[in-house]
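The values are calculated or read from the model by the stated rules, or taken from the named source; none is laboratory data. Computed from a prediction, not measured in an experiment: that's the story for all the values here. Using ideal geometry, Cβ is built from the backbone for each residue, glycine included, and neighbour counts are taken over all protein chains shown. Accessible surface is based on the protein model in full, side chains and every heavy atom, while ligands, DNA and RNA are left aside. Shrake-Rupley method; radii C 1.70, N 1.55, O 1.52, S 1.80 Å.
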Amino acid sequence: MRTQSDRPPLLLQRTFASLFGTSLALLLPFFVLPLSAQSRGSDHSLSGSVLDPSSAKILGAEVILVNAAGAESARTTTDASGSFSFANLGSGKYMLYVRAVGFREASSAITVGAKPLPPLRITLAIASLSEVVNVQDGEGHPEVSTEAAENQNTNTVTRDALDRVPVFDQDYVTLLSRFLNEDSIGTNGVSLVVNGVEANGPGVSPSAVQEVRINQNPYSAQFARPGRARLEIITKAGTPQFHGSVNFLTRNSVFDATNYFAASKPSESRYYTEGSLTGPLPTSKHDSFLLSLEQDSDNLESIVHAFGLGGAVIEDNVPAPQRHFFSSIRAFHDFTNGDQLWIAYSYEQETRKNQGVGGIVLRESGYTSDSLEHEINVGYRHILSPHWVNQLRFLVGHNDEPIISNLQTAQIVVEGFFTSGGAQADSRRTEAHFDGTDFLTYAKGRHVLLFGVDTPDLSRRGADDFLNRQGTYTFSDIAAFNASSPANFRIQTGNGHLVFWERTVAGFLEDTFRVKPGISISVGFRYYFQNYFHNDPNNFAPRLSFALAPSAKSKTVFRGGAGLFFDRSGPRAIADLLHFDGSHLMRLLLPLQTGGIVPFPVTPADLAAVPQSLVVLDPRLRIPSIVQYSFGIERQLTPKSTLSATYVGTRGIHLFRSVDANAPLVTVYSSRPDPFFGQIRSIQSQGYQKGNSLEITFRGKPSKYFTGQAQYILSKTYNNTTGIPYFVGNSNFPNLDWARSANDRRHKFDLLGAFPLAEHFSFGMALQAYSGKPVNVITGADANGDGIFNDRPDNGLAPRNSLHGPGFLNLDANLERDFVFAKEKKGGPTLTVAFNVFNLLNHPNFVTYNGVIGPDPAHPIPSFGTPSAAEPARRFQLNLQFKF
């Protein structure tokens with residue numbers, strides 16, 4: 001067992017510069033060798049993918065290759081991923097023709113010679129929509145372009161790429177989330193867009209996901225949030241032939257390293273089965289289906305590392321098992337005129353036990369959460385005229401999520417030491433929701449006009465709040481706990497049942513037009529409305545982007561843009577406003593004044609004269625927004641790879657935050673201005689944020705030795721809030737909170753790629769090397785009497801987020817072997833055996849640092865500035881996948 005003195009102090013952590021230098025030295029040979037070897041010969045092959053105008057794959061498209069004499073040389077059809085390939089082609093000139101029902105035929109001249117040909121990306125226009133046919137470099141191999149949605153600082157991972165890189169537990173959402181900007185994410189979290197519509201989840205299991213994108217077309221008026229705040233998922237469609245995939249993965253902690261804070265190795269195991277099947281329906285040759293299933297049994301353990309009496313360390317491994325089941329069925333019908341209709345149903349159930357435990361939160365303070373969700377998705381593409389296409393997509397669903405605490409007892413919080421007693425987390429949230437969008441596309445000449453209506457949330461929500469029914473005692477330090485002298489007690493009583501409607505509606509209009517062959521401009525705006533937060537109804541968000549190529553054959557593109565993006569409050573803030581309105585749910589706080597005595601335990605008689613607390617909206621409130629602007633240069637390095645450098649600036653305006661509008665005045669901390677109420681939490685929009693960053697992004701396949709993407713971001717972000725739940729340190733002086741953002745990482749390097757080793761062998765890796773986030777230093781006391789234990793030293797004048805947190809270094813690896821069961825050894829049924837290692841370097845990545853310095857900063861408590869939780873140590877995972 002390690003003692004506290006065995007752990008490296010914060011100042012002795014390795015700097016990011018050394019981590020980055022080591023990583024770069026390890027990776028440099030993989031880039032230099034491919035670049036020097038890329039001129040070796042040609043395989044005389046041709047491959048590519050076929051897409052519709054929305055970038056969805058077209059399955060069963062006919063691809064014909066005709067030689068210079070006019071004779072057909074080869075013919076094939078696109079597979080389940082919309083891809084095609086030709087092998088063993090002779091040198092010479094060819095014409096490539098692509099045909100699909102409901103789409104205009106595309107043709108392109110192809111020259112096969114000594115120089116390898118990059119994969120093609122062929123976009124077919126709908127037959128009655130436009131004469132435009134776009135043929136450009138292809139799937140997974142980017143090419144600089146002046147198209148609005150072809151910015152090269154995007155992060156795109158296809159299904160094939162996801163199968164080649166290490167993905168922990170098939171959780172591709174977490175894998176790609178490393179490319180998001182946490183300070184651009186709104187109050188509701190990451191904006192998840194599935195097939196063009198905001199959703200609560202992908203609606204399919206992982207093997208049915210075709211592509212995942214982040215930051216594509218960041219200033220599109222079609223979406224509510226900027227590119228690095230949304231994650232776009234494209235799912236597979238039905239196919240005319242049967243195709244499927246079955247995945248099984250398992251891991252066991254007997255092969256893993258021990259967590260840095262575990263007294264003994266946690267006993268963990270996981271068994272995960274997932275798969276999808278697509279093919280024709282017997283009803284018609286135009287009908288197809290997609291079935292996906294997922295079953296997960298994850299036996300986790302949470303690591304408790306807290307400090308008790310006399311500085312004794314409390315260490316405990318707490319079982320936290322999770323069970324998850326998901327199923328989905330989709331049916332597709334393709335009309336002969338290019339129209340398409342699909343409908344889907346999904347069911348999901350998940351149970352998680354002992355949640356909230358770990359770090360300084362003890363075993364008894366956990367809770368169990370259950371969730372059950374049903375959802376129906378519908379999509380319909382309809383051709384109205386030769387220039388107009390309408391696309392309707394919507395979903396309806398219902399979910400139920402009860403939470404039950406392990407113990408129904410009062411909670412004990414000793415600041416900086418431990419949290420024990422009951423979790424006080426009992427609640428139940430239900431939701432019947434509708435999300436949808438209907439938009440029209442008009443294409444003629446140089447213009448593509450897009451406009452429509454978006455309803456990201458129309459829901460009937462139930463919010464049963466039974467939190468803190470037994471109360472929570474807060475002690476400023478361990479001495480106060482030993483003396484049974486709590487500094488604060490809070491409890492909730494009254495009617496916690498609540499039902500309300502949340503309505504969010506938006507409209508958008510965008511025109512993308514080509515001024516000249518090498519210049520394109522996109523101009524649009526988005527209108528936004530939300531009930532309950534409607535003091536500021538004129539929420540028009542303009543968007544602008546442009547792309548410029550100096551010449552027709554230029555390998556360099558200049559790209560820029562700017563846009564305004566509005567936030568949403570989310571249901572939790574609405575529920576708080578309706579619950580704590582003075583007549584429903586009551587929140588009571590003791591003491592009434594600074595220096596007051598809180599009895600232990602508190603009796604009903606002690607609460608008889610305590611005034612209740614309220615939650616109100618600031619009458620000056622406006623809907624928060626972020627202004628983002630950028631300018632970048634993109635360069636084609638090789639036929640299959642690009643490099644971009646982009647400056648991005650952000651300004652957060654009218655950001656949400658909370659203050660105590662009834663906080664004791666600075667000159668008389670002993671009493672509240674309005675003695676008839678306790679804390680009056682006022683939700684304001686007075687927060688501000690300023691950020692600047694430089695993004696350097698490499699994407700593509702410089703040679704046969706590497707395919708993937710690498711990104712380095714240098715950034716600096718300051719703000720004075722982290723959202724609606726954030727209380728300022730001193731409500732009388734909220735501007736004192738201006739400091740580094742809690743998410744501010746100055747340096748951030750990510751690498752995600754695959755290295756083919758030999759025929760049917762592949763090595764994949766995911767590398768993260770980040771500098772640390774800051775840690776806020778607080779005293780653990782409530783000297784200003786606002787009922788919030790976030791006071792900073794020096795009478796609250798010390799800067800927020802003043803402690804530098806540790807860096808983050810993580811390397812995951814994937815080694816796999818394909819066994820192909822077909823004579824041609826390509827495209828047949830394939831069994832893939834993969835061996836994954838996560839945190840290969842076994843680096844102790846600390847995630848929770850104790851910023852509680854104690855009531856007397858001159859004599860910090862023993863745990864101050866030390867970590868209490870870390871990411872898991874090295875773990876191994878076995879993956880088996882069968883595709884046909």
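Side notes on the structure shown:
- Subset of region 801-824 [farther than 23 Å from A870 by Cβ, touching a residue at least 60 places away in the same chain (Cβ under 8 Å) and open to solvent by 10 Å² or more (accessible area, probe 1.4 Å)]: V820
- Residue among T556, T512 that alone is under 18 Å from N151 (Cα atoms) and exposed (fewer than 15 other Cβ atoms within 10 Å of the Cβ): T556
- Residues being crowded, with 21+ Cβ neighbours inside 10 Å and not in a loop (DSSP other than H, G, I, E, B) - total across region 224-250: 12
- In region 152-163, the residues that are modelled with pLDDT under 90 and buried (at least 19 other Cβ atoms within 10 Å of the Cβ): T156, V157, T158, R159, A161, L162, D163
- Enumeration of residues in region 417-455 that are charged (D, E, K, R) and over 30 Å from H579 (Cβ atoms): D438, K444, R446
Table: residues versus (1) open to solvent by less than 30 Å² (accessible area, probe 1.4 Å); (2) under 27 Å from the mean Cα position of the chain (by Cα); (3) within 30 Å of D660 (Cβ to Cβ).
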position	(1), (2), (3)
P611	yes, no, yes
I623	yes, yes, yes
R635	no, no, no
L643	no, yes, no
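- Selected residue (only one of T707, T721 is closer than 20 Å to T848 by Cα and either in contact with a strand residue (DSSP E or B) (Cβ under 9 Å, 6 or more places away or on another chain) or in a loop (DSSP other than H, G, I, E, B) (or both)): T721
- Residue in region 656-669 that is under 19 Å from R622 (Cα atoms), more than 29 Å from the chain's Cα centre (by Cα), in contact (Cβ under 8 Å) with a residue 60 or more places away in the chain and part of a loop (DSSP other than H, G, I, E, B) present: yes
- Pair list, Cβ < 6 Å and 6+ apart or interchain, from region 232-243 residues that are farther than 18 Å from A344 by Cα to residues that are aliphatic (A, V, I, L, M) and part of a strand (DSSP E or B): E232/V193
- Condition met for S253 (open to solvent by 30 Å² or more (accessible area, probe 1.4 Å) and over 30 Å from F631 (Cβ atoms)): no
- Hits in region 854-864 - residues which are within 10 Å of D477 (Cβ to Cβ) and surrounded by 15 or more Cβ atoms within 10 Å (Cβ to Cβ): G854, P855, I861
- Candidate set from region 460-485 (those that are more than 23 Å from D786 (Cβ to Cβ) and buried (at least 20 other Cβ atoms within 10 Å of the Cβ)); member that is modelled with the highest pLDDT: A463
- Note on region 826-853: residues that are among the small types (G, A, S), under 30 Å from D79 (Cα atoms) and open to solvent by less than 20 Å² (accessible area, probe 1.4 Å) total 2.
- Criterion applied to S207, S220 was being more than 16 Å from the chain's Cα centre (by Cα), in a helix (DSSP H, G or I) and buried (at least 22 other Cβ atoms within 10 Å of the Cβ), and the one residue passing it is S207.
- Between R429, R503, the distinction of being at pLDDT 95 or above, among the basic types (K, R) and part of a strand (DSSP E or B) belongs to R429 only.
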